[in-house]
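Take a look at this one; I'll ask things after.
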Amino acid sequence: MKVLVCDSISPRAVERMSKAGLEVDVDDKITPEALLEKIGPYDAMVVRSRTKVRKPVIDCATNLKVVVRGGVGVDNIDVEYAESKGIRILNTPGASTHAVAELALAYMFALARPVVQATESMRAGLWEKSKFEGIEIAGKVLGIIGMGRIGQALAQRAAALGMLVLGYDSRTVGAAPYMHMVEMDELLEKADFISLHIPLTEQSKHLINAEMFAKMKQGVRIVDCARGGVIDESALYDAIVAGKVAGAALDVFENEPLTDRKLFELPQVIGSPHIGASTKEATGRIGDEVADLLIGVSQEPCS
């Protein structure tokens, strides 16, 4: 099996696949144009969030049998079209759970205590002690939209810090001792912090829009470490300027790499370049799961 690794995975995973007899080529900075020219002879490709597997790529991938997405979502892959061509789509949904949940929690602390803005002030040679009064997380209400693995991991951590955790999910999710499942309107009305953990779909695109912001508590703080496009960024900008939203922390954006930096003109906004799964531990787990999946596929009997 010939495998093209288009985004960074652990060297250990590449070594494991090679030892199992797979022919692995790593080109983790490959451009979309170069990918169209290169993909033809490969049986499998590995991607994370950077590489997009859309119709043009699939049409050029004349030998492709499987795509493995190292991570949770597969919204960077045209799954329906790929499957219509007989291409299997696999992913590693559990590998980055702790990394993303911990980033969301870190952002909650950074929104409660403006350490980023205070650091910038210190770098500028200022001592603005009275400017950076924060709030305490203990006793606050956290609303989590999307109660999959990451949402539940965040809920458990937040409850341990003394937060009341409200969860909403469009699917049926079992109750847990550290959270209460509620309807969306109740979550929006009561939450001091809202953290998003849902995939980007036709139904969830701009789910958090002007109408939703209007239903939120005054001074709410927003965290998105899920997918760009779930929040209407223009509506978020307006809600911050109006004072409805006290702060926002964004790891994901509707267009990546980010080009429109309007939100970052606001001091209430902090962010990062889609690093939710970027820990040494998560990278290792993702690589191991990718290797397990592809070695397994390579050992399946030919149909």
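Quick check for me: using +1 on Lys/Arg Cβ and -1 on Asp/Glu Cβ, what's the dipole size of the range 229-303 about its Cα centre, in debye to the nearest 20?
For the range 229-303, the charge dipole is close to 280 debye.
Taking the Cα centre of the chain as origin, work out the dipole magnitude from +1 charges on Lys and Arg Cβ and -1 charges on Asp and Glu Cβ, in debye rounded to 20.
520
Let me ask something else about it. Convert each backbone phi in the range 252-261 into a coupling constant with the Karplus relation 6.51 cos²θ - 1.76 cosθ + 1.60 (shift: θ = phi - 60°), then list the ³J(HN,Hα) values in order as whole Hz, x for Gly and Pro.
Here the 3J(HN,Hα) series is 9, 9, 4, 10, 10, x, 5, 10, 8, 9 Hz.
Do any GluC sites (Glu not before Pro) in the range 73-168 lie in a loop, going by DSSP, with at most 14 other beta-carbon atoms within 10 Å of their beta carbon, and if so which?
Counting only loop positions with at most 14 other Cβ atoms within 10 Å, the GluC sites (Glu not before Pro) in the range 73-168 are E128, E133, E136.
Then there's this: What is the magnitude of the charge dipole of the range 97-271 about its Cα centre, with +1 placed on the Cβ of each Lys and Arg, -1 on the Cβ of each Asp and Glu, and no other charges, expressed in debye to the nearest 20? Mind showing how you got there, number by number?
Working: 17 positive and 22 negative charges, 95 e Å.
I would put it at about 460 debye.
Projected onto the charge dipole of the chain (+1 at Lys/Arg Cβ, -1 at Asp/Glu Cβ, origin at the Cα centre), which of A101, P257, V57 gives the Cα projection farthest towards the positive end?
A101
Which residues in the range 201-231 place their backbone N less than 16 Å from a point set 7 Å from the Cα of I275 along the Cα-to-Cβ direction?
Residues passing the 16 Å test: 224-226.
For the chain, modelled as a GNM with alpha-carbon contacts under 10 angstrom, which of K19, K217, K140 fluctuates the most?
So, out of K19, K217, K140, the one fluctuating most is K19.
Using all Cα-Cα distances in the chain, what percent lands in each 20 angstrom bin from 0 up to the longest?
31, 52, 17, 0
Over the range 97-271, what portion of Cα pair distances is larger than 19 Å, expressed as a whole percent?
55
Using only the C-alpha atoms of the range 1-47, find the volume of their convex hull and express it per residue in Å³. Walk me through the numbers on the way to the answer.
On the way: hull volume 2.6 nm³, N = 47.
Dividing the Cα hull volume of the range 1-47 by its residues yields 56 Å³.
Can you list the GluC sites (Glu not before Pro) in the range 145-215 that are in a DSSP coil and have 16 or fewer other beta carbons within 10 angstrom? Could the numbers behind the result be given before it?
Values: sites: E183, E186, E189, E202, E211; in loops: E183, E202.
Those satisfying the criteria are E183, E202.
Further question on the same structure: Which one, I240, V79, S272, is farthest towards the positive end of the dipole of the chain when Lys and Arg carry +1 and Asp and Glu -1 on their Cβ?
Projecting each Cα onto the dipole axis, the largest value belongs to S272.
Bear in mind that the values in this text are calculations on the coordinates, not laboratory data. No experiment lies behind these values; they were computed from the predicted model shown. Cβ atoms come from the backbone with ideal geometry, glycine included; neighbour counts cover every protein chain shown.
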